[in-house]
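Here the structure comes first, spelled out in structure tokens, and everything after it is commentary.
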Amino acid sequence: MTKKEKDDLEKSIKKFGIVEIPVANLNNNLLAGHQRVMLKLSENPEYEDDVRFPDRLLTEQEEKEYNIRSNKNTGSWDFELLANFDNTDLIE
């Protein structure tokens, strides 16, 4: 993570808190939320959070696929609507 990405994440956490729940496999491998969890742990080694687990142990290949899917935006865009989008709320 770059310094800017870290700073942005810190700002987001200060503003909104931890709003996305970290995900771990049944063997406790963290699958999603690495940066959020590590940042909070660096501030407070006693930090605890809710964690989601799959209903079965994922294979190593499934862990990799899940991680890619959870970090990839898969939505579609209405480019006609976006043509008139006011991004002033997103500048900061």
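The values are calculated or read from the model by the stated rules, or taken from the named source; none is laboratory data. Keep in mind that what you see is a predicted model, and the values were worked out from it rather than measured. Here Cβ is always computed from backbone atoms with ideal geometry, including for glycine, and neighbour counts include all displayed protein chains.
Look at Arg69 and say whether it is modelled with pLDDT under 85 and under 14 Å from the mean Cα position of the chain (by Cα).
So Arg69 fits the description; yes.
Find the residue count for the range 1-48, including only residues that are of a type in the set (S, T, N, Q), at pLDDT below 90 and either touching a Lys or Arg at 6+ places or on another chain (Cβ under 6 Å) or surrounded by 11 or more Cβ atoms within 10 Å (Cβ to Cβ) (or both).
Initially, the range 1-48 is screened for residues of a type in the set (S, T, N, Q), giving 2, 12, 25, 27-29, 35, 42, 44.
Then drop every residue that is not at pLDDT below 90, which leaves 2, 12, 35, 42, 44.
Right, trim to either touching a Lys or Arg at 6+ places or on another chain (Cβ under 6 Å) or surrounded by 11 or more Cβ atoms within 10 Å (Cβ to Cβ) (or both) and you get 12, 35.
Final tally of qualifying residues: 2.
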